[in-house]
Ligand code: G6P
């Protein structure tokens, strides 16, 4: 994040970085320009070390919160990085692929490196050009063509009253204020100050002063539209909840409803209305949303649908002339962006589903459908996931009639009912577990994958989602009284065989927490614990089961005292492949 204006930059940037911590939180730092450049940076969370950083003086500053790639988390490897003279400072998001060759050359030319990062080469290259040209903008323009990889960089120098920024494949947004300007990886740190945003494009180099924004691309001045952001600052505050994750779980009824309302029969672009086949690419939770979609679209619309992890897409023969849907709540996941670029290169038409206006995926895809989840801060996806499902259900409605809109518009009421459930007994079981299996069939197999992901990422208990029929092909060997199985057993075509599977698991000593419908005494009798959900439409049961599993993971992680919003080693927006 960068700031230039009339306020003290450091405390404002520190507060802003807290909002960006979901991108990485192993170390952080700020550099300001006052008389000279001053810099403070620390390993660890912002909350632990903010004092010395906030006290830096100056009305121009840049800051960074890190998710280590090159070089372990440490004070030295934290950004900003300075040149040899200490007169130029830089922060960088992304990866410089050709850094090792550049580093050797710079060492030979006498530069001193203070970190193990790929980033530091950029500031030394700028130092050399700045010595020749005495103009920071020109120096950055000279250096950019020599670095390969993904980057969003911000640079300040002792002798210049401006911030220079450049982007390639990593997001950057300018916030336009009155007599002050902001720049950051996303809008969330600026929502208090402005709603006017400019989303930068790849190749843009920006000179940002207190009153002016100048954007160059390929050496030419360009103008980019100013967009109004309708996220409010309240959306990014905890609002009395213990964690963002809990707040976001509770925001799901509204997020689902808003998204259903925002997408209608005409929303699907013309090119996507009659596909012969569909390919879905996504990562993490978004992949699980894709799997639920695959079950439902193939079942309802009879359109063959292939689903790939975005990171694996390139290793399969590409679809020819098909429709490719990329699901990514952040719009910035590197693997998903790459997969969509590859699909385009093979003449596929591409549709993105994302939560973030102006995100990179919106520039790559032929068309975008936006969810209306509002900003999601907690690393674990919850309301963005439910909102992806809302978009995907509306896609199915567009493709083949699908579900009646009336049912979808009522779904939020069922989600609300589930939010009030007491899960104390089940939490007790889970928090003692060494390992937990989640099993289901059909769309509930996808739900089991997502439930297990939620549990492992925030509680650190090993959890696996399995197709219920697969457990006997290996994982049975792991079943014991310390390995509970969470069985998703809803009325419908999978019910009978799920009941048999549950009996098999119990016979091998595993306690079973069954999730089924209210009034199912047969299921409640065989289960060790029974979680009863409202008896509704199948898709709504998918939603309510998901919400129960999110709550179960949350309550278990909370009982274990975990760092729920920022689980160890994870980041929300993974901008490296
Ligand atoms: C990270 C997040 C996950 C998310 C995945 C894909 O791993 O921690 O919650 O599901 O990225 O993110 P995307 O923004 O592409 O949906």
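Values for this structure:
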item	result
Answer from 116, 129, 142, 192 - the residue that is touching a helix residue (DSSP H, G or I) at 6+ places or on another chain (Cβ under 7 Å), over 22 Å from residue 34 (Cβ atoms) and in contact (Cβ under 8 Å) with a residue 40 or more places away in the chain	192
Residue in the stretch 278-288 that is nearest to the ligand (Cβ to nearest atom), counting only those that are under 12 Å from residue 385 (Cβ atoms) and touching a helix residue (DSSP H, G or I) at 6+ places or on another chain (Cβ under 6 Å)	285
Condition met for residue 391 (out of contact with any helix residue (DSSP H, G or I) (no Cβ under 8 Å at 6 or more places or on another chain) and either within 16 Å of the ligand (Cβ to nearest atom) or assigned to a loop (DSSP other than H, G, I, E, B) (or both))	no
Top-ranked residue in the stretch 552-577 [being within 16 Å of the ligand (Cβ to nearest atom) and at pLDDT 95 or above; ranked as nearest to the chain's Cα centre (by Cα)]	564
Considering residues of the stretch 14-34 that are free of Cβ contacts under 8 Å to residues at least 60 places away in the same chain and out of contact with any helix residue (DSSP H, G or I) (no Cβ under 8 Å at 6 or more places or on another chain) only, the residue surrounded by the most Cβ atoms within 10 Å (Cβ to Cβ)	27
Residue ID - modelled with the highest pLDDT, chosen from residues in the stretch 226-248 that are assigned to a loop (DSSP other than H, G, I, E, B) and in contact with a strand residue (DSSP E or B) (Cβ under 9 Å, 6 or more places away or on another chain)	226
Residue check for residue 407: away from the ligand (no atom under 13 Å from the Cβ), closer than 30 Å to residue 349 by Cβ, surrounded by fewer than 17 Cβ atoms within 10 Å (Cβ to Cβ) and more than 21 Å from the chain's Cα centre (by Cα)	yes
Residues within the stretch 447-465 that are in contact with a helix residue (DSSP H, G or I) (Cβ under 6 Å, 6 or more places away or on another chain), assigned to a helix (DSSP H, G or I) and free of Cβ contacts under 8 Å to residues at least 60 places away in the same chain, tallied	0
Residue 549 vs. criteria within 16 Å of the ligand (Cβ to nearest atom), over 30 Å from residue 70 (Cα atoms) and surrounded by 14 or more Cβ atoms within 10 Å (Cβ to Cβ)	yes
Any hit, the stretch 35-44, residues being assigned to a loop (DSSP other than H, G, I, E, B) and in contact with a helix residue (DSSP H, G or I) (Cβ under 7 Å, 6 or more places away or on another chain)	no
The stretch 186-199, subset surrounded by fewer than 23 Cβ atoms within 10 Å (Cβ to Cβ) and assigned to a loop (DSSP other than H, G, I, E, B), residue nearest to the chain's Cα centre (by Cα)	191
Of all residues making up the stretch 323-335, the number that are over 13 Å from residue 577 (Cβ atoms) and within 12 Å of the ligand (Cβ to nearest atom)	6
Selected residue [more than 35 Å from the chain's Cα centre (by Cα) and farther than 19 Å from residue 63 by Cα] from 148, 134	134
Filter pass, residue 563 being surrounded by fewer than 24 Cβ atoms within 10 Å (Cβ to Cβ) and over 30 Å from residue 518 (Cα atoms)	yes
Matching residues in the stretch 33-66 - criterion: being in contact with a strand residue (DSSP E or B) (Cβ under 8 Å, 6 or more places away or on another chain) and closer than 19 Å to residue 127 by Cβ	33, 37, 38, 39, 41, 60, 62, 64
Residue ranges of helices (runs of 4 or more DSSP H) in the stretch 472-569 with at least 1 members in contact (Cβ under 8 Å) with a residue 60 or more places away in the chain and touching a strand residue (DSSP E or B) at 6+ places or on another chain (Cβ under 9 Å)	495-507, 538-559
Filter pass, residue 408 being touching a helix residue (DSSP H, G or I) at 6+ places or on another chain (Cβ under 8 Å), modelled with pLDDT of 95 or more and over 16 Å from residue 251 (Cβ atoms)	no
Any hit, the stretch 298-306, residues being touching a helix residue (DSSP H, G or I) at 6+ places or on another chain (Cβ under 8 Å) and within 24 Å of residue 199 (Cβ to Cβ)	no
Residue among 478, 552 that is touching a helix residue (DSSP H, G or I) at 6+ places or on another chain (Cβ under 8 Å) and assigned by TED's automatic domain parsing to the domain that holds residue 431	552
Of the criteria (1) assigned to a helix (DSSP H, G or I); (2) crowded, with 19+ Cβ neighbours inside 10 Å; (3) modelled with pLDDT of 90 or more, which one residue 425 fails	(2)
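Per-residue answers, yes or no, for (1) within 21 Å of residue 446 (Cα to Cα); (2) surrounded by fewer than 24 Cβ atoms within 10 Å (Cβ to Cβ); (3) more than 14 Å from the ligand (Cβ to nearest atom):
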{"site": "290", "(1), (2), (3)": "yes, no, no"}
{"site": "315", "(1), (2), (3)": "no, yes, yes"}
{"site": "337", "(1), (2), (3)": "no, no, no"}
{"site": "345", "(1), (2), (3)": "no, yes, yes"}
{"site": "367", "(1), (2), (3)": "no, yes, yes"}
{"site": "370", "(1), (2), (3)": "no, yes, no"}
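The values are calculated or read from the model by the stated rules, or taken from the named source; none is laboratory data. A quick note: this is a predicted structure, and the numbers were derived from the prediction, not measured. Positions of Cβ are backbone-derived with ideal geometry, glycine not excepted, and every protein chain shown enters the neighbour counts.
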